[in-house]
Amino acid sequence: MPSAENGTKSPIRVAITGAAGNIGYALLWRIASGDCFGDKQPLILQLLEIPPGMQRLDGVIMELRDSAFPLVHDIIGTDDPEVAFNDADAIFLVGSRPRTKDMDRADLVAANGPIFVGQGKAIDASASPNVKVITVGNPCNTNALIACANAPTIPNKQFTAMTRLDQNRAVGQIAEQVGVPASEVSDVFIWGNHSNTMYPDPRFGKVNNKPVTDLLDSNWLQGKFLDTVATRGKAIIVARGASSAASAASAAVDHMRDWWQGSDGRIVSMALPSEGWYDVPEGLVFSFPCRCENGEIIVVEDLAIDEFAQKKINENVQALIEEREAVSELL
Ligand code: NAD
Ligand code: LMR
């Protein structure tokens, strides 16, 4: 972590794309207040929008300045990805179209996929070689794959996609069902794609050190629980008339905070380019159980896989191979 000679930390550069959008509006205030990188870490915020979003971005920057955050040393607003990613230590790739209620997330790939070609190239050209990238824009696993493929000088493991919102949803459902606060639920995580095929795995989950599988019925865990988590994004779009934004921003903070500061032994969900773990084909951006230590993501490799889990993992591999084929010309 960069440090100044007098012992105080020097600022890190944090880039956020789609910064004037709904997620951006919730995310910026959490980052600026120190929730993500720590309350002693000064920040330079580098905010990217497309030209039609620049006026809205001006307004967001006015509000950020008006919040007088002690950690924020500078704010840069731009429509040039190379300026936004210049020397960036952390990048949140949010900017892209959300789906409407009649679409699946994968239907967005034609509209959003090309964005991640240009942004991958710009990351390669201008970001810090140690940059940590989280992809939020949908379909996020495949968009992360596209960005990663277009940034050949940055190691693959520095590109991730967000399944933490799905994990948080799973924790929320279990907490509600058992009747405890979410803080008492641990080690529930997501396998695969941020899509309806995802597998929220409760088998190693605990509520106050008691196995989730002892507390909750397996029919509920493999039925209503799984369906609720996998289709929650659509349910929110139907109810709110807009896709999840505050909870998505909160999950992005959780993901990057744990990567940056460590997950303290907890298992967390992160989608990253497979190195063949659990026989998932190399390169597919797949959500695995992970721990984070010293700025590194470590996939938890020794978990038992039963027949149901294997079937769900296989469904996700198949779905991600199909998405990869659909964007082959962008890789
Ligand atoms: P939004 O429409 O409110 O905001 C998107 C912003 O991105 C807009 O301001 C737009 O001008 C900007 N933008 C578009 N193309 C851009 C580009 N090429 N470069 C920079 N900025 C660009 O949408 P939102 O609600 O903030 O959602 C953003 C994305 O996040 C969507 O794709 C949505 O589906 C996705 N999402 C993912 C998750 C997840 O769990 N992975 C959760 C929620 C939303
Ligand atoms: C979500 O899970 O809320 C987002 O990915 C938005 C969506 O399209 O479902």
Violations at 27 Å Cα threshold for listed pairs K40/K234; K224/K312; K157/K210; K210/K234; K224/K311; K40/K210 -> K40/K234; K157/K210; K210/K234; K40/K210
Loop trypsin sites (Lys or Arg not before Pro), the range 55-128, which have at most 16 other Cβ atoms in a 10 Å radius of their Cβ (DSSP): K101
Can you list the HN-Hα couplings for the range 205-216, worked out from phi with the Karplus curve (6.51, -1.76, 1.60; θ = phi - 60°), rounded to whole Hz and with x for Gly and Pro? x, 9, 10, 6, 6, 9, x, 4, 5, 7, 9, 10
Please find, in a Gaussian network model of the chain (springs between Cα atoms separated by less than 10 Å), the residue of N219, N130, N143 whose mean-square fluctuation is greatest. N219
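What do you get for GluC sites (Glu not before Pro) in the range 232-301 restricted to DSSP loop and a cutoff of at most 10 other Cβ within 10 Å of the site's Cβ? Provide the component values of the computation, followed by the final result.
Working: sites: E275, E282, E293, E296, E301; in loops: E275, E282, E301.
Loop-located and lightly packed - E282, E301.
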Nearest-5 percent of antiparallel DSSP beta bridges in the chain? 50
Quick note, the range 171-309: a/c under 1.5 would make it rounded; otherwise a/b > b/c is prolate and the rest oblate (a ≥ b ≥ c, C-alpha gyration tensor); here it is rounded
Which of D74, D87, D201 has the fewest Cβ neighbours within 10 Å, and the rest in rising order: D74, D87, D201
On the first, second and third principal axes, largest extent first, how far apart are the outermost C-alpha atoms of the range 12-161 in Å? 40, 36, 25
What does the extension gain come out to for F308 and R266, with contour length at 0.36 nm per residue minus their alpha carbon separation? 12.7 nm
Per-residue ellipticity at 222 nm for the chain, helices alone: DSSP H runs ≥ 4 residues times -39500 (n - 2.57), over residue total, nearest 500 deg cm²/dmol? -12000 deg cm²/dmol
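Considering Cα pairs under 8 angstrom that are at least six residues apart, work out the relative contact order of the chain and quote it in whole percent. Numbers along the way, then the final one.
Values: 666 pairs, mean separation 55.2, N = 331.
The value is 17 percent.
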Gaussian network model of the chain, Cα within-10 Å springs - most flexible of S263, S128, S183: S183
Which of V188, N130, T163, positive extreme of dipole for the range 107-220 (C-beta unit charges): N130
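Can you tell me what percent of all Cα-Cα pairs in the chain are more than 24 Å apart? Working shown, then result.
Values: 28548 of 54615 pairs.
Value for the chain: 52 percent of Cα pairs lie more than 24 Å apart.
Since every read-out is calculated from the coordinates, none of them should be taken as a lab result. A quick note: this is a predicted structure, and the numbers were derived from the prediction, not measured. FYI the Cβ positions are ideal-geometry reconstructions off the backbone, even for glycines, and counts take in every protein chain you see.
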